[in-house]
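Let me begin by presenting the structure, written as structure tokens, before commenting on it.
Only the coordinates and a few stated rules stand behind these numbers; no lab work does. What you see is a predicted model; the values in this text were computed from it and never measured. Virtual Cβ from ideal backbone geometry, glycine too; neighbours counted across all protein chains shown.
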Amino acid sequence: MADPQTPDFAGFTPAPAPTLTPAPAPVPNSGGGGAMTAPAEISIPGMPVAPGPAAEGALAFFNPDAIPYALLLVIGTAIAVRVVQNLANRVAESAVGYRLVIKQGVTLLGFVAYGVAGVLAVLALFELSAQAIFALSGTLAVAG
């Protein structure tokens with residue numbers, strides 16, 4: 001008779017153990033010492049291996065080809081916001097009863113426009129994976 005406090009592991013099969021790929025043996029160079037080798041890679045069965053950036057550090061995610069687009073986006077947004085603010089100021093002077101509403105609306109519209117332009121510029125300049133965004137948001141949450 002089975003003990004009711006002991007779990008039944010009849011259909012349980014353990015997962016395979018992680019495998020360790022050994023690094024290649026050092027090759028002697030002309031100086032008599034061993035050459036530097038890359039560290040061993042660990043693979044865990046069932047876990048996908050995400051390809052990392054070719055270079056190390058934050059610059060690996062930077063896309064320099066998007067700099068003109070980002071500058072054009074930010075400068076274009078600034079010009080558009082200024083034009084809308086000047087137009088709204090003229091309208092607000094003629095419509096005295098709605099002056100405060102118009103000025104508040106234009107301020108809110110400018111804030112939203114600058115925010116969207118900033119987000120689009122960052123998304124264009126940096127190629128971030130879902131894991132990088134998750135790590136960055138966690139870092140910002142801890143810092144703030």
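Details
- In this rough spin-label picture, where each label sits 7 Å from Cα along the Cβ direction, the I133-A95 distance is 3.7 nm.
- Around the amide H of F126, modelled in the peptide plane, lie the amide H atoms of N63, all under 5 Å away and 5 or more residues distant in sequence or on another chain.
- Our coupling estimate for region 133-141, obtained by passing each phi through the Karplus curve with A = 6.51, B = -1.76, C = 1.60 and θ = phi - 60°, is 5, 4, 5, 5, 5, x, 5, 5, 5 Hz, Gly and Pro reported as x.
- Per-pair calculated FRET efficiency, R0 = 25 Å: L59 and A113 via Cβ, rounded to 0.05: 0.30
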